[in-house]
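The values are calculated or read from the model by the stated rules, or taken from the named source; none is laboratory data. Since this is a predicted model, take the numbers as computed values, not measurements. A quick note on method: Cβ atoms are made from the backbone with ideal geometry, for glycine too, and the neighbour counts reach across all protein chains shown.
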């Protein structure tokens, strides 16, 4: 009996902690600490352990701006509008329909097979990658994969731990300093390094195979929820496989071999019911896909 | 033994009920629509902006886990908001600014806005002469609910709006 009572406060604490972490995207995690202020009044100083959605937004904008500094945008409004409606139609079926600034898609004027998901929902996709899709469901597969990187915050995870620690230490000091005080210079330097970490991962190193497979798996879920045929994901990867050139600086360098991705997708889809659509619905999708991206 | 378990359960239920009744959350995105139903494409009954503090209402049985029924008395709004737009932390905005400000008073964590913010972006742009033209243009690509619903409907897709 006594031993049970001894664990009661612990059980309660665990319950409260797990309840706290299951709700909200506020970005302050287990590291929250309370301290007594100098005057004895209770001052809460938060030890931040992840970026808030607002910070994620500014990081994402800088990553996208950086990538676009060396890549040209494809200025085609009807194709862009089509992708943005499709993106929203997918995002509402993700586990994160709302980000600080929302999801937005831009086409890059390039034949390479590439896409970049900047934190917060700025998705850049090349004409070359869009050509790997032969219908709307295939385009949905591409966007659902990129959306999943945003939902899973893979971009933010590419920031080196030392950078995060420096940023959060800086924040903790600032938070305790009610008089304010400018530390913009110092923060901008940390910001710059953080953007470089993410951009370097997106452009040069790629995410780990595990993260790519995670994004593939989540994309299949989003597609199914929205009503798209997840098998279109596999079809799109098969086209990609024929188009990727060994030694290329695009997905050939930063993503797992399409063969490996197909194998993983196959495993998931085996035994799952396919998502059916009426001939009229499929015809409508094909017509608008052709109108928007037929000449991509 | 069983009495202890019963007492523990009763205590935890009581504590949870009290906590739930007082639960407040803040909007952690620039803007979010409040919906009549727990669906990202449900009828819009109001708009909340960054920092708005809302009261969490009782969740009807069978409600989607990723949605919260909220009310905001000051705006006279009651409806549903996706959990992805909310945080438990209080967000305090600087007067006349879209940027959040820390209020390091008792019980407030509000760290938002103290880190990478508008000021840092301005400095970063100036340092590297980074061009944000296309990034700013991207932010204007905002399809309306009607457009998205019509798109889903015409394509024979799911129009429920994500209330899984």
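Brief remarks on what is shown
- Whichever residue in the stretch B:40-69 is closer than 10 Å to residue B:25 by Cβ and within 10 Å of the chain's Cα centre (by Cα) and, among such residues, is surrounded by the fewest Cβ atoms within 10 Å (Cβ to Cβ): B:53
- The residues of the stretch B:117-151 that are assigned to a helix (DSSP H, G or I), without any contact (Cβ under 8 Å) to a residue 24 or more places away in the chain and facing chain A (nearest Cβ under 7 Å), listed by number, are B:119, B:120, B:121, B:123, B:124, B:127, B:134, B:135, B:138, B:147, B:151.
- Boolean, residue A:57 is touching a residue at least 12 places away in the same chain (Cβ under 8 Å), surrounded by fewer than 23 Cβ atoms within 10 Å (Cβ to Cβ) and within 10 Å of chain B (Cβ to nearest Cβ): no
- Evaluation of residue A:97 against the conditions (1) surrounded by fewer than 20 Cβ atoms within 10 Å (Cβ to Cβ); (2) over 24 Å from residue A:203 (Cβ atoms); (3) in contact with a strand residue (DSSP E or B) (Cβ under 8 Å, 6 or more places away or on another chain) shows that the sole unmet condition is (1).
- Highlighted here are the helices (runs of 4 or more DSSP H) found entirely within the stretch A:109-176 that include at least 3 residues which are modelled with pLDDT under 95 and within 13 Å of another protein chain (Cβ to nearest Cβ): A:161-176.
- Yes/no for residue A:130 being under 13 Å from the mean Cα position of the chain (by Cα) and within 22 Å of residue A:228 (Cα to Cα): no
- Out of A:265, A:275, A:239, one residue alone is over 30 Å from residue A:158 (Cα atoms) and in the same structural domain as residue A:131 (by TED's automatic domain parsing). It is A:275.
Okay, residues lined up against (1) assigned to a loop (DSSP other than H, G, I, E, B); (2) more than 10 Å from chain B (Cβ to nearest Cβ); (3) at pLDDT below 55:
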position: A:30; (1), (2), (3): yes, yes, yes
position: A:39; (1), (2), (3): yes, yes, yes
position: A:43; (1), (2), (3): no, no, yes
position: A:62; (1), (2), (3): no, no, no
position: A:84; (1), (2), (3): no, no, no
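- Residue within the stretch A:253-269 that is outside any helix (DSSP H, G or I) and either within 14 Å of chain B (Cβ to nearest Cβ) or more than 19 Å from the chain's Cα centre (by Cα) (or both) present: yes
- Scan the stretch A:217-251 for residues that are at pLDDT 95 or above, under 17 Å from the mean Cα position of the chain (by Cα) and crowded, with 23+ Cβ neighbours inside 10 Å and the total you get is 4.
- Condition broken by residue B:9, with the remaining ones in (1) modelled with pLDDT under 85; (2) away from chain A (no Cβ under 12 Å) satisfied: (2)
- Pair list, Cβ under 8 Å, 6 or more apart: the stretch A:272-296 residue part of a loop (DSSP other than H, G, I, E, B), other residue surrounded by fewer than 17 Cβ atoms within 10 Å (Cβ to Cβ): A:296/A:131
- Condition broken by residue B:63, with the remaining ones in (1) away from chain A (no Cβ under 12 Å); (2) modelled with pLDDT of 90 or more satisfied: (2)
- Screening residue A:232 against (1) in a helix (DSSP H, G or I); (2) under 27 Å from residue A:51 (Cβ atoms); (3) assigned by TED's automatic domain parsing to the domain that holds residue A:120; (4) touching a residue at least 40 places away in the same chain (Cβ under 8 Å) leaves a single unmet condition, (2).
- Test: residue A:95 is more than 13 Å from residue A:251 (Cβ to Cβ) and at pLDDT 95 or above: no
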